[in-house]
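Trainee: Can you read through this structure? Questions will come right after.
The values are calculated or read from the model by the stated rules, or taken from the named source; none is laboratory data. From a predicted model like this one, the values you see are computed outputs, not experimental measurements. Virtual Cβ from ideal backbone geometry, glycine too; neighbours counted across all protein chains shown. We work out accessible area using only protein heavy atoms, side chains counted, and drop any ligands, DNA or RNA first. Shrake-Rupley method; radii C 1.70, N 1.55, O 1.52, S 1.80 Å.
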Amino acid sequence: MYAMTLREYGRPLIWEQRTTPEPGPGQVRIKVEACGVCRTDLHVVDGELPRVPLPIIPGHEVVGIVEALGSGAQRIGVGARVGVSWLARTCGRCRYCRDGQENLCDTALFTGYTRHGGYATHVIADAEYVFPLRDEGEAESLAPLLCAGLIGWRCLRATGNGARIGLYGFGAAAHILAQVCRWEGRSIYAFTRPGDTAAQGLALSLGAAWAGGSDRRPAEPLDAAILFAPVGALVPAALQTVRKGGTVVCGGIHMSDIPAFPYRMLWEERRVVSVANLTRQDGKGFLDIAGPARIRTHTKRYALQEANQALSDLREGRLEGAAVLVP
């Protein structure tokens, strides 16, 4: 197999030939058709998350075909198209797993971070943690659903039933979530980097009621706001856009420090909450509605060997929608 491997934090990934792995008990080997490039991958590469031993193959928005089964892996058959997401495995025994919060499992493993991921031609996954996918449709279009879609869905559920939703950072997750909100009858307000008319144009083309820089405010207060941009200074900015009782959801796994702000911004029962990881139920819930909601992803294709360029384009804000690696 071939892979783009991280061997030193903060350095470019390295193109390598590796031994094709065999699936262990309860596992499957998947031939990768496509792997989305997520902002979390940047945090992994830059060493901004708690550091784990290297080397590691990043990537956790994987679409592929099951190629081999380990012993006891009976849920999925050879030849099935599946998706692999961030949550790779949980213990099933800790208080969080027992309470339906497996996203908070004390000993969880994560694809592309603590287990090798999809920036490769092949990947190993636990059969119980992969998602069956429809056979029709291009893998490139499906890949962003496996994290940008899933995390966006979990963030949206955290906002309750609000009708007016603000999205800060209009990239891969937001452009998918905008379509879900439109399908659910909600209104979207898109906040982008100041002057990013391309992202604002994409938001408006997807039905946003308003689009502007993050330094601006719409005329009416919002019911909730979701932050996908990893910028702590946006938390107090978002609090100023939501109504009394409104919610600000921080959807990223990493964010710069939140600056001090006056209590008056938080008062009147506004809330700031975070979303951590995801559950398999999140995956099932989102993928069940992805078809009826007619979600269409906007992607830019890169060859697997171009992973460093894809990460650079994401870092510098040169993308509209999602970057996807295709072996």
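Trainee: Which entry in (i) 33, 20, 19; (ii) 40, 29, 18; (iii) 46, 21, 17 is this structure's computed semi-axes √(5λ) of the Cα gyration tensor in Å?
Mentor: The calculated read-out lines up with (i).
Trainee: Starting from the range 179-271, pick out the GluC sites (Glu not before Pro) whose DSSP state is loop and whose Cβ has at most 10 other Cβ atoms within 10 Å.
Mentor: GLU269
Trainee: So if I take the alpha carbon set of the range 28-67, get Rg, then get Rh from the Kirkwood formula, what is the Rg over Rh ratio?
Mentor: Here Rg/Rh amounts to 1.05.
Trainee: Relative contact order for the range 1-59 using alpha-carbon pairs under 8 Å, separation at least 6, rounded to a whole percent?
Mentor: 44 percent
Trainee: Just to confirm a number: summing +1 for Lys and Arg and -1 for Asp and Glu over residues other than ALA322 whose beta-carbon lies under 12 angstrom from that of ALA322, what do you get? Please report the intermediate quantities before stating the final value.
Mentor: On the way: positive: ARG39, ARG296, LYS300, ARG301; negative: ASP41, GLU61, GLU140, ASP313, GLU320.
Local net charge: -1.
Trainee: Between the range 70-131 and the range 143-222, how many Å separate their Cα centres?
Mentor: Taking the Cα centre of the range 143-222 as reference, the centre of the range 70-131 is 29 Å away.
Trainee: How large is the dipole of the chain about the Cα centre if only Lys and Arg carry +1 and Asp and Glu carry -1, each at its Cβ, rounded to the nearest 20 debye?
Mentor: Using Cβ point charges on Lys, Arg, Asp and Glu, the chain gives about 600 debye.
Trainee: Let me ask another. Sorted by accessible area with a 1.4 angstrom probe, largest first, how do HIS175, HIS298 fall?
Mentor: Of HIS175, HIS298, the descending order of accessible area is HIS298, HIS175.
Trainee: Apply the Kirkwood formula to the range 133-220: the hydrodynamic radius equals the inverse of the mean of 1/r over all pairs of different alpha-carbon atoms; give it in Å with one decimal.
Mentor: Here the Kirkwood hydrodynamic radius works out to 13.5 Å.
Trainee: Loop-only check: which trypsin sites (Lys or Arg not before Pro) in the range 252-306 are DSSP coil with at most 10 other Cβ within 10 angstrom?
Mentor: Here the sparse-neighbourhood loop sites are ARG294.
Trainee: Ignoring ligands and nucleic acids, what accessible area does SER85 show with a 1.4 Å probe (Å², nearest 10)?
Mentor: 0 Å²
Trainee: What number, rounded to the nearest 500 deg cm²/dmol, is the helix-based mean residue ellipticity at 222 nm of the chain, given -39500 (n - 2.57) per DSSP H run of at least four residues and division by all its residues?
Mentor: -6500 deg cm²/dmol
Trainee: Related question: For LYS31, go through the lysines and keep the ones whose alpha-carbon is under 25 Å away, minus same-chain ones fewer than eight residues off.
Mentor: Of all the lysines, those that pass the test against LYS31 - Cα under 25 Å, at least 8 places apart if same chain - are LYS284, LYS300.
Trainee: Just reorder TRP210, TRP183 by solvent-accessible area, largest first, 1.4 Å probe, all chains present.
Mentor: TRP183, TRP210
Trainee: Please label the shape of the range 63-148 as rounded, prolate or oblate, based on the square roots a ≥ b ≥ c of the eigenvalues of the alpha-carbon gyration tensor (a/c under 1.5 means rounded; beyond that, a/b larger than b/c means prolate, else oblate).
Mentor: On the way: a/c = 1.87, a/b = 1.54, b/c = 1.22.
Prolate shape, in that a/c is at least 1.5 and a/b is the bigger ratio.
Trainee: Using amide H atoms built 1.01 Å from N in the peptide plane, name the residues 5+ places from ALA88, or on other chains, whose amide H lies under 5 Å from its own.
Mentor: The answer is LEU109, PHE110, THR111.
Trainee: Output the antiparallel fraction of DSSP beta bridges having both residues in the chain, as a percent to the nearest 5.
Mentor: 50 percent
Trainee: Tally Lys and Arg at +1 and Asp and Glu at -1 over the other residues with C-beta under 15 Å from the C-beta of SER312: what net charge comes out?
Mentor: Working: positive: ARG11, ARG39, LYS300, ARG315, ARG318; negative: ASP41, ASP46, GLU306, ASP313, GLU316.
In short, 0.
Trainee: How would GLU140, GLU320 rank on accessible area, largest to smallest, probe 1.4 Å?
Mentor: The residues order as GLU320, GLU140, largest area first.
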